[in-house]
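The block underneath contains the structure these notes are about, expressed in structure tokens.
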Amino acid sequence: MDPYGLRRVVSPRGVLPQRADVLDPRLPPGEDELILDVEALNVDSASFRQIEGAAGGDPDRIGAEIARLVAARGKLHNPVTGSGGMLIGRVRQVGPGHPAAGRLRPGDRLATLVSLTLTPLLLTRIDAVRKEIDRVECQGTAILFATGLWALLPEDLPERLALAALDVCGAPALVARHVRPGQKVLVLGAGKSGALVCAQARASLDGRGLVVGADRSAAALEVLAQLELCHRVVEVDATDALGTMERTRQAGGPFDLVVNCASVAGTEMASILSVRDGGTVIFFSMATSFTAAALGAEGVGKDATLLVGNGYVPGHAELTLDLLRRLPRLRALFEQRYVR
Ligand SMILES: NC(=O)c1ccc[n+]([C@@H]2O[C@H](COP(=O)([O-])OP(=O)(O)OC[C@H]3O[C@@H](n4cnc5c(N)ncnc54)[C@H](OP(=O)(O)O)[C@@H]3O)[C@@H](O)[C@H]2O)c1
């Protein structure tokens, strides 16, 4: 058994697949591997923009560059941005030692929830490059290790809607784990993950407590308020720590839980100053600096639990898709924003 896929690493030997320069997607399937027929790559937006820029925006050249990268590395791992994306495919074969043996069948359609930067990939054809949604329709083979996360694509939700939500499904699942009725919750960043987090926080409060949404965009806040995803909204620039603390205090702070879903750097202290002593901050944002958060909390004498937003929480995909099913107005927001 090889749960982390070390046998697929060509160079440098001994590192995990994500750190590897080159993977081998051609080996015969391992006992505990899941083999997929690839239909499409959902390229990480930072990576897609970089490749698009280098290719002068020409779809054929974008496709050729992606094919070249995958052929060279055995995975889609953009060396400039360091990022990958996720893929959609159908199950071709489930190794008898894979944890999904017996649950998945050939032909099942799923999305991978682990990065393409660690997924062995062999492309045989690029069919289309869809620049407006950072997507490459293609054919090939991908491999998931026993530890590789996946989600079956639901039949009752449009694929792009499901993918948009699955991209950030760890955030509402973390909130479900940490929010208790009666608490006060601040959500910094009212975008995709922020909207799901607000919705889950309201559900977890079960009618007792407060959810405040904060963002620099008045338009995004207006939508949250209209959809009643939170009780109050407040316009802040989360890179302005003191200003954010002041404005969120007026909206009901300090908070038991702050969830940072803002997409820019430099928002650690706004989170830390807005949480109460003994409270918790979940840093879901990838722009979070561990140093800024840890030293910053120490520097202001704030006794708070600082959590790195692990993208994986057991049951995260189903919890998030269920939110969309249960809240038609949230679903409508996602359809309007992300289904094109
Ligand atoms: N931990 C994980 O596993 C994981 C998984 C997926 C994504 N992420 C990360 O989670 C973060 C959020 O993702 P997302 O998809 O929700 O992004 P998103 O839809 O772009 O939402 C981010 C929100 O933050 C707002 N914002 C930006 N700068 C701000 C500021 N200075 N003050 C207040 N609000 C500000 C944005 O407003 P504007 O629209 O005006 O810019 C936007 O509304 C990203 O860093 C992403 O990489 C983490």
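Numbers for the structure displayed
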item	result
Between the stretch 114-138 and the stretch 217-280, the Cα center-to-center distance that results, in Å	36
Folded to 0 to 90 degrees: helix 290-299 orientation relative to the chain principal axis, Cα	20
DSSP-defined beta bridges in the chain - what % are antiparallel, rounded to 5	60
Cα-based radius of gyration of the chain once divided by 2.2 N^0.38 Å, which approximates compact folds	1.04
Net charge dipole size for the chain [Lys, Arg +1 and Asp, Glu -1 on Cβ; Debye, nearest 20]	280
Rounded Å value of the spacing that divides the Cα centres of the stretch 28-42 and the stretch 290-322	32
Theoretical FRET efficiency, 1/(1+(r/R0)^6), r = Cβ-Cβ of residue 325 and residue 11, R0 45 Å, to 0.05	0.50
Three principal axis lengths of the stretch 90-223 [C-alpha, angstrom, descending]	51, 36, 28
The stretch 70-220: relative contact order in percent, alpha carbon pairs under 8 Å with at least 6 residues between	17
Long-range amide H partners of residue 22 with built H, under 5 Å	10, 11
FRET E, pair residue 92, residue 250, Förster distance 56 Å, beta-carbon r, rounded to 0.05	0.50
R0 of 30 Å, Cβ-Cβ distance residue 24-residue 80: FRET efficiency to nearest 0.05	0.85
Equivalent ellipsoid semi-axes, the stretch 6-140, via Cα gyration tensor eigenvalues times 5, rooted, Å	25, 18, 11
Selected from 186, 319, 157 as most flexible by GNM, with the chain as the system and alpha-carbon contacts under 10 Å	157
Charge-dipole axis of the chain as Lys and Arg at +1 and Asp and Glu at -1 on Cβ define it, positive-most pick from 275, 210, 28	28
Segment residue 208-residue 300, extension gain: residue separation times 0.36 nm, minus the distance between their alpha carbons	30.1 nm
Reachable lysines from residue 302, criterion Cα separation under 25 angstrom, eight or more residues apart if same chain	184
Cut-off 18 Å (backbone N to label point 7 Å along Cα→Cβ of residue 340), residues of the stretch 72-88	86
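Quick note: the coordinates plus some simple rules give every number you see, no bench work behind them. Because the structure is a prediction, the values reported are computed rather than measured. Note that each Cβ is placed from the backbone with ideal geometry, even for glycine, and that neighbours are counted across all protein chains shown.
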